[in-house]
1. Once you compute Rg and the Kirkwood Rh from C-alpha atoms, what is the Rg to Rh ratio for the chain?
2. Could you pull out every one of the lysines with an alpha carbon less than 21 Å from that of Lys161, ignoring same-chain neighbours closer than 8 positions?
3. For region 342-358 and region 116-178, compute the distance between their C-alpha centroids and round to whole Å.
4. How high is the relative contact order of the chain, in percent, counting Cα pairs under 8 Å that sit 6 or more residues apart?
5. Excluding Phe80 itself, calculate the net charge of residues whose Cβ lies under 12 Å from the Cβ of Phe80, where each Lys or Arg counts +1 and each Asp or Glu counts -1.
6. Could you work out how far helix 12-24 tilts from the main Cα principal axis of the chain, as a 0 to 90 degree angle to the nearest 10?
7. Semi-axes of region 96-208's equivalent ellipsoid from the Cα gyration tensor, sqrt of 5 times each eigenvalue, largest first, rounded to whole Å?
8. For a quick size check, give me the Cα extents of region 125-179 along its three principal axes, largest first, whole Å.
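No value in this document is a laboratory result; all are computed from the given coordinates. Here the structure is a predicted model, which is why all the values come from computation and not from measurement. Backbone-built Cβ (ideal geometry, glycine too); neighbour counts: all protein chains shown.
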Amino acid sequence: MNILLLSAYDAQSHQYWRKNLVQQFPAYQWTVLTLPARYFSWRIRGNSLSWAFTEKETLEGDYDLIIATSMCDLSALRGFVPHLATIPTIVYVHENQFAYPNSSDARKNVEPELLNLYTALAADHVVFNSHYNQDSFFSGASLLLQKLPDHIPVGLIEILKDKSSVIPVPLKDEHFCKHSTQAGHLNILWNHRWEYDKGPDKLLATLRALKRLTVEFTLHIIGQQFRTSPPAFDTIHTEFLAQIDHWGYVESEEDYRELLTHCDIVISTAEHDFQGLAILEAVAAGCVPATPNRLAYSELLDAEYCYQSGDGEAEVLAKKLFELVQLKRSNKLPFAPRVEHLSWKALKPNYQKLFDNLVNSR
């Protein structure tokens, strides 16, 4: 099978998925086109233009299947390169713009939402990484269609529902490793992108609330950083320097996995997570999760690992962490939940069945 794989905004989580997808199916012939994850507004609107007129020979190759991320402007790309319109196409939705929170200084722009909708409609099959992602996509698209002035076709959401499914991004085998509990203070891990949508202000508020409870703990604040980061991180570094053990991005994947095995708790303060790969990687390595009972977490983790979100969220999480400090002191920390059902071994047959069904249907 010859497969064309298109990642139009090749962010870290998109790379994680596409590289492992290729690795898991070595018998197939893969042709991969990517564009860097920068200049968001231009990238999502301009990827079809960039590829159609610089990669035309590649795009007109002999393919059995196309797999594209939802950042691809698929309807325009198929228009620029009509050859692509005859090839079965899967769109993989890592995140949808309908449920993506705006930063405080960002103007609401309908263009990303329309691109998501057009791309999904142009695909033969749409795959979401979680039911939360799927449900929020459908509800957001439905609301958008209701706001448009006229000549809106009926039944678009039903069309999408009929050709969609949920298959999570699988966890790599290497993340399922033996946990090694360290003596001493509770080791708290926060391992997300250093951006506003991951809730750094809530993280700061949680740590301040935990400090007021006068307990000792050790912090590991890690994750991908960018040219500018929310100011909450500078404040955290200043106020909690004595508690910080690891700070910043861990370059080595081996060192990162090693760190996960030594942490006790992994927490999320995110405003947006459509699957929460960083949390799941840590859980696979033995960390006990403490996540909000919203977003994708409530479908991935049992209620005991999800704290009540909403008003007073920081205090609720701080209280949960306080309880875990006490449990570690008495050597009674709970075990992490099992997430083997999210491994490549468990999910690879789902991908294989989808590929086969779509190719054979043509």
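1. 0.99
2. Output for Lys161: Lys147, Lys353.
3. 18
4. Relative contact order, the chain: 15 percent.
5. Once all neighbours under 12 Å are counted, the net charge is -1.
6. 70
7. Whole-Å semi-axes of the equivalent ellipsoid: 37, 21, 10.
8. 58, 19, 11
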